[in-house]
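One structure is given here, and the rest of the page talks about it.
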Amino acid sequence: MERISLSAVTRSAVGKNAVKKVRQEGFVPAILYGRARDPLALSVGRKDLLGALANGRNVLIDLTITRDGGNLADTVMIADVQQDYLRREIVHVDLHQINLSEQLEVDVSVVLIGTAEGVASGGGILEQHRREVTVRCLPTQIPDRITVSVTPLNVGDSLHVRDLVVAEGIEILTPPEEVLAAIVAPKEEEVETPAAAAEGTAAAEPELVGRAAAPAEGEDKTEGAAASKSAKAEK
């Protein structure tokens, strides 16, 4: 598992105006939580934080905290990130102190590799139903991702959580019967036959009985009326 270093400084000022000033100075407001400690307000360098997040959420961070002129050291993980999606910037982050000797539960990405047989030669479509699974393990055992091959799958086949293979010491908590991915047949478009099209046209335009037909293009209306009277006289 990836392990990086990050620095932070404590801050006493809290509230909307205080965190706004922190952001203007190039820092990101943060809160450090721990089981046996009160939440601690911090400021983290924006560039340093972006570098840490580039390694993913499940990364161990050796955090050095400057407080009252001295330094404190903690091992932490990123618990939550709040973003301003309009400005595309991070506005707040929660950090969680961890114990390297205690197991924890985290979500890990599932990455599908290969090209399914049912897609390559069967014309099927690959549908991924789950992109993460929950695992329990020691912090140092957290995998960056779990990869699984879809190459053997044909149309109609599915890949389940129980098909995942992980290292010893890692327990997958997501129910084993849940579907990760499936190869489905493409939907066939209904092609209208000429006979069906003719029937549809006939049904849409019923014949008018008992009325004189409308004059054809270029025919005089009086001629059409005369022809109608003549037909009645013959009857």
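The values are calculated or read from the model by the stated rules, or taken from the named source; none is laboratory data. Note that this is a predicted model, so its numbers are computed, not measured. For neighbour counting, all protein chains shown are included, and Cβ atoms are generated from backbone atoms with ideal geometry for every residue, glycine included. Protein only, heavy atoms only, side chains kept; ligands, DNA and RNA dropped before computing areas. Shrake-Rupley method; radii C 1.70, N 1.55, O 1.52, S 1.80 Å.
Observations
- So residue 86, is it of a type outside the set (Gly, Ala, Ser), in a loop (DSSP other than H, G, I, E, B), surrounded by fewer than 18 Cβ atoms within 10 Å (Cβ to Cβ) and in contact with a helix residue (DSSP H, G or I) (Cβ under 6 Å, 6 or more places away or on another chain): no
- Among the residues making up region 111-160, those that are out of contact with any Ser or Thr (no Cβ under 9 Å at 6 or more places or on another chain), of a type in the set (Gly, Ala, Ser) and in a loop (DSSP other than H, G, I, E, B) are 121, 122, 123, 124, 156.
- Cross-chain or 6+ apart pairs with Cβ under 9 Å, region 10-31 first and surrounded by fewer than 17 Cβ atoms within 10 Å (Cβ to Cβ), then in a helix (DSSP H, G or I) and at pLDDT below 95: 12/18; 13/19; 13/21; 13/22; 26/46; 26/47
- Only one of the listed residues (133, 93, 110, 59) is out of contact with any Lys or Arg (no Cβ under 8 Å at 6 or more places or on another chain), over 16 Å from residue 8 (Cα atoms) and open to solvent by less than 40 Å² (accessible area, probe 1.4 Å). That residue is 133.
- The set of residues in region 1-43 being of a type in the set (Ser, Thr, Tyr) and in a strand (DSSP E or B) consists of 5, 7, 10, 33, 43.
- Residue within region 157-175 that is of a type in the set (D, E, K, R), at pLDDT below 95, open to solvent by 60 Å² or more (accessible area, probe 1.4 Å) and out of contact with any strand residue (DSSP E or B) (no Cβ under 8 Å at 6 or more places or on another chain) present: no
- Number of the exception - residue 226 against (1) out of contact with any helix residue (DSSP H, G or I) (no Cβ under 6 Å at 6 or more places or on another chain); (2) part of a loop (DSSP other than H, G, I, E, B); (3) at pLDDT below 95; (4) open to solvent by 50 Å² or more (accessible area, probe 1.4 Å): (2)
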